[in-house]
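The values are calculated or read from the model by the stated rules, or taken from the named source; none is laboratory data. Note that the structure is a prediction, hence the values are computed from the model and not measured. Cβ atoms come from the backbone with ideal geometry, glycine included; neighbour counts cover every protein chain shown. When the accessible area is computed, the model is the full protein with side chains, heavy atoms only, and any ligands, DNA or RNA have been set aside. Shrake-Rupley method; radii C 1.70, N 1.55, O 1.52, S 1.80 Å.
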Amino acid sequence: MRRWRLLARVAETIATSSHDFLALANTTAELIAQEIGDGCAVILLDLNGQPEPVIGVAHRDPAMKQELIDFGRTMTADDYRAWVSDFATLTARTSVGLPATETGYAKRLREHELEIGIEHVAYAPIRYPWGGVRGIVDSIRYVGSEPFSDYDLSALAAAADALGLGLELLTTRARERSINRLWGTAFEVSPIGHAMLNLDGRILTINAAGAEIVGRALHQATGLHWRAITTGEDFEEDKADIERMLGGEQGILRMRVIKRPDETMRWISRSISVVRDDAGNPEVIHVQFADISPLYESQQRAALFERLLESSPDYIGIANIDGRLRYLNRGGRTLVGLPDDIDVTETRMNDYHDEQARPVSLPVEEWPTMRDGIVGGESTIRDWRDGSSIPVSVSSFVMRDDLTQQPIAIATIQRDIRERRSAQRAIADLAEQRRNLLIELVSAEQAERTRIANDVHDDSIQLLAASQLRLQLVAGHLHRGDLDAAAKAVEDVSELVSSAQRHLREILLDLEPPNSPGRQLHEALADTAASFFADTDTDVNVEGSLTDITPDVAALFYRTGRESLSNARQHAAAKRVTATLDEDADLWRLVVQDDGVGLPDPLPVQPGHLGVRGMASRAAALGGSCVLDSNPGGGTRVTLEVPRTAGR
């Protein structure tokens, strides 16, 4: 009866314990002292990691209880551990008398017990559920008392076993409360969003970080359906994930978009797990999610920048400080003809440059010491296909760490400048042609002036001079009264003046713009042809016309036609000369051809005349051409072509 009463009272004490292990030890010692002995000590070790033992002492005599407490205070924690460890090898649950081993504490305890008259001692080890010793129950009786009976020892052992199980239960509960408290704290302070959803997808609880990510206060986020904060497509995929996990699959990690009340979006990385009860039934859904918007945006910018690099036709490379290449874009590989099977990370920057170009790009070991770390200019790069050189413009620079500013890489951008150099050469050629053209135009203008001066001097001035002499003769005849001679001299003067007038009119017609009001290009050419061949038997014709022609272009066509007709008159000895004006959608055209003796070899150069070169230069100035060649039917042909856009 005593055994069961002791067990019941110990169990009740454990059940009502508030996790105060010293109070539990004292109460249990009191119960054992009341039931089976004069006094009792309960020694507990390693409770929740405490380094010091917990010792409960009870005695019917308060003075003796204090004596036992004072003695216990003289022992160290190591003494108690040594004493408790003696019981680890005992097979019996209890032993009467002192332990068989002779530790320092056991000797002192025996001496002390003998001093205070203790005659009977019963020990029961307090064990872990797995068998290790975690404490001792020590019950005593004084001299003159009855020895502990087997029944007493059995009750003591049962109380120690109950105390061991109870301690484990209390320790487990305390550990669970601590873990739950820590998990709760971690849940609240975590920078990652956590939410518990019921099986329908409604938020049961959410931490502060999660509420901030979804853009709501805690009380606003709690109770929301997960559908309200995700896009429709994402929610359907989340729901499918949950259904698979309810069927037994593990948690799934995905990237999702969160909708916030202000219409902004946040990219999150989220994992969903199903939490089950002890029976394995789904209880709640745990969602963990982290805001990765900055990372996502950074990745998007990096991907966009990579597409930019890969889309560029320029050579763009990044190398380590030692010159070993880390990256080369598609445009660079294409430019140098790098074979597909070559790994750029196995090559170096100087592998891509000619020997003569390396001083321009600098040895890579000199880069980190440069003041600004930038090199620009023009160089050449090696074509891997045939070893030839490709001219490039170079812009290279040192890349540095944002925090330490230490060199971490070398970047280079190199652009193919073959077309630019070709364009530069073409521009230089055009500039030279323009210079020569200006010289020729000035010469042609001077030649025109000289021709006009010669025409006026050789014809009109000479005729006027002759007229002056004839007038002097008239005066002489009149002075002598010879009227018949005077009349004859006046007739001569009249003929000379008429000739001079005719020559001056021809010069004025030549100077007058061919497209002036009342006079068109074909009319001007026809008048000129008639004047040139008036005293010959040559059949000369001017055919066709040109429309929408500007004065400058008309002047070019007229002067070219006049020069060609003049050459045919003077040199061809032709029986037939034809000047044809023609046009199409792109060009105005003049063809002057004769059936004369053909072109002399070489062509004569006559000072003071426009000549073939002058005609070609004037045509080139307007973007056209003037070609002098042999007529297929015999004779000479001059072809002038000018684009219809000229002069506009």
Computed accessible area, Phe289, all protein chains, 1.4 angstrom probe, square angstrom: 0
Net charge over other residues, Cβ less than 10 angstrom from the Cβ of Arg134 (K, R count +1; D, E count -1): -1
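Among the GluC sites (Glu not before Pro) in segment 185-235, which ones are in a DSSP loop with at most 13 other Cβ atoms within 10 Å of the Cβ? Mind listing them?
Working: sites: Glu188, Glu212, Glu233; in loops: none.
Answer in residue order: no site qualifies.
Just to confirm, what accessible area per residue do you get for segment 189-235 at 1.4 Å probe, in whole Å²?
Details: 2160 Å² over 47 residues.
Ligands and nucleic acids excluded, the figure is 46 Å² per residue.
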Quick one: how many Å² of Ser389 are accessible to a 1.4 Å probe, rounded to 10? 60
With every protein chain left in place and a probe of 1.4 Å, what is the accessible surface of Met64, to the nearest 10 Å²? 40
Starting from the alpha-carbon convex hull of segment 146-215, give the projected area averaged over all orientations, in nm². 7.8
Ranked by accessible surface with a 1.4 Å probe, highest first, in what order do Asp351, Asp340, Asp38 come? Asp340, Asp351, Asp38
Rg [Å, one decimal], Dmax [Å, integer] - segment 544-591, C-alpha atoms: 12.1, 36
Computed over the Cα atoms of segment 239-294, the Rg and Dmax in Å are 13.5, 43
Ranked order, Leu587, Leu464, Leu403, Leu6 - accessible area, probe 1.4 Å, largest first: Leu403, Leu464, Leu587, Leu6
Taking a 1.4 Å probe, which of Ser625, Ser312 shows the most accessible area, and what order do the others take after it? Ser625, Ser312
Histogram of C-alpha separations across segment 158-309, 5 Å bin width, %: 2, 8, 14, 18, 16, 12, 9, 6, 5, 4, 2, 2, 1, 0, 0, 0, 0
